[in-house]
1. In sequence order, what are the phi-derived ³J(HN,Hα) couplings for the stretch 146-152 according to the Karplus relation 6.51 cos²θ - 1.76 cosθ + 1.60 with θ = phi - 60°, rounded to whole Hz, with x for glycine and proline?
2. Could you rank the peptides 266-275, 325-334 by their average count of other C-beta atoms within 10 Å per residue, with the highest value first?
3. What's the exposure ranking of 281, 28, going from fewest to most Cβ atoms within 10 Å?
4. In terms of modelled amide H atoms, which long-range or inter-chain residues lie less than 5 Å from the amide H of residue 249?
5. Greater than 20 Å separation of Cα atoms is the criterion. Which listed pairs, 90/137; 240/318; 278/333; 218/278; 18/90; 318/375, meet it?
6. Mind listing the long-range amide H neighbours of residue 143? Cut-off is under 5 Å, sequence gap 5 or more, other chains count too, H placed in the peptide plane at 1.01 Å from N.
7. Putting +1 on Lys and Arg Cβ atoms and -1 on Asp and Glu Cβ atoms, find which of 344, 295, 233 reaches farthest to the positive end of the dipole of the stretch 188-375.
8. Under 5 Å between amide hydrogens, which residues at least 5 positions from residue 23 or on another chain qualify, with H placed 1.01 Å from N in the peptide plane?
Amino acid sequence: MKPKKALQTVIAPAVRSKQGDTTIYLTFLPGSDLLQIADIRRLQRDENHELEGFQRQEIRDHVNEIAQYLDNGGTLFPNAIILAMEPTIKFEGSRGGKAEVTVKDAVLGRLHIPVRELGQRSAWIVDGQQRSLALSKSSNPGLVVPVVVFETNSIHVQREQFILVNRAKPLPQRLIDELLPETQGVSLPRDLTTRQMPSRLCNELNTHEQSPLRGLIKRSSQASGAGHVVTDTAILDMIKRSLNNPNGALAGFKDLGDDTGDASSMLQTLIDFWSAVKETFPDAWARPPSQSRLMHSAGIAALGDLMDRIAARATTRKRQREFFAAELARIKKDCAWTEGSWKSLDREWDEIQNTPQDVKMLSQALVQLYAQKIKR
């Protein structure tokens, strides 16, 4: 018996329509064909720190649960897989007369989808990667499932749709935050656009050659490593606090009534301040939070508030780094980042935790300490 010939093209019945300028197809495919025609673009960064892809890693337990359901006779699979597909895909309209329908602008036909090697496929999974993986692993891979396809080559459009589709699902906020700066769509809701600038600045702090935090910030796209000592959540919260504080060091660079602004000046201010922090507290710098509360989420937040307080006293942006360093030197001896205790708090250095109460307490202690020093 001759082995079954590998498919070169998947031909599926489809309905073609349009949404704005984008062509949309509704089709049905066997689960076994999905990973033959579509790639999964994983979220990662290349050698130049450029963001690639958008999909999170496989959730094995979830995939296995779906596969087990299918193996045990489950045949109801109504949730559509969403694919982005290159615009060169061939669609062949049905011949013959058109029946009268109440839904206009929809054409019946057949979709011709080429089967290519991994990484070279003509489609990408936007929503449903866990279900697609489960279908491929199941003993019932021939189950036909609904598939919605939209034409685009733009990774930005794919990311935008990925975020919008997953907003109502428990998608990790850190994953969304890292994707937002790379999403150039204009249809994102306001609550997401307000998060673009902080995440963009966080990316820059982690990659800019002059940033003291370069390589120290852990983001969703990066594998765990000894060099990552600060979570991006801590940095994002610090930036947001400064942007939302009317007197914040970064707020002055925001555009009035807008969520954009002078990003380069914001970044320079952050680089100058945290370079001064590194210079002032070298023994506490780049150490795990368990060894240094300066790199702890509470320390990052408190120092961010102190940055706002110090920046408010600056009369010029020239020699900003030197100004920050001189002001931080005033409180250097009274800080307990790696040993000793915070005298005004009556707390040992390692008793500070990442709770709203401790963050507020440490922030107030630093600001009050600084206020006392500048009065002398």
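1. x, 9, 9, 10, 10, 7, 5
2. Numbers: 266-275: 22.4, 325-334: 15.5.
Per-residue mean Cβ counts within 10 Å order the peptides as 266-275, 325-334.
3. Details: 281 19, 28 12.
The order, fewest Cβ neighbours first, is 28, 281.
4. Result for residue 249 returns 308.
5. Working: 90/137 29 Å; 240/318 24 Å; 278/333 15 Å; 218/278 18 Å; 18/90 15 Å; 318/375 24 Å.
Violating the 20 Å limit, Cα to Cα: 90/137; 240/318; 318/375.
6. Amide H neighbours of residue 143, under 5 Å, 5+ apart: 31, 32.
7. Checked the options; the winner is 344.
8. Close amide H contacts, sequence-distant or interchain: 151.
Readers should treat all values here as calculations from the given coordinates under stated rules, not as data from a laboratory. Predicted, not measured: the structure shown is a model, and the values here were computed from it. Backbone-built Cβ (ideal geometry, glycine too); neighbour counts: all protein chains shown.
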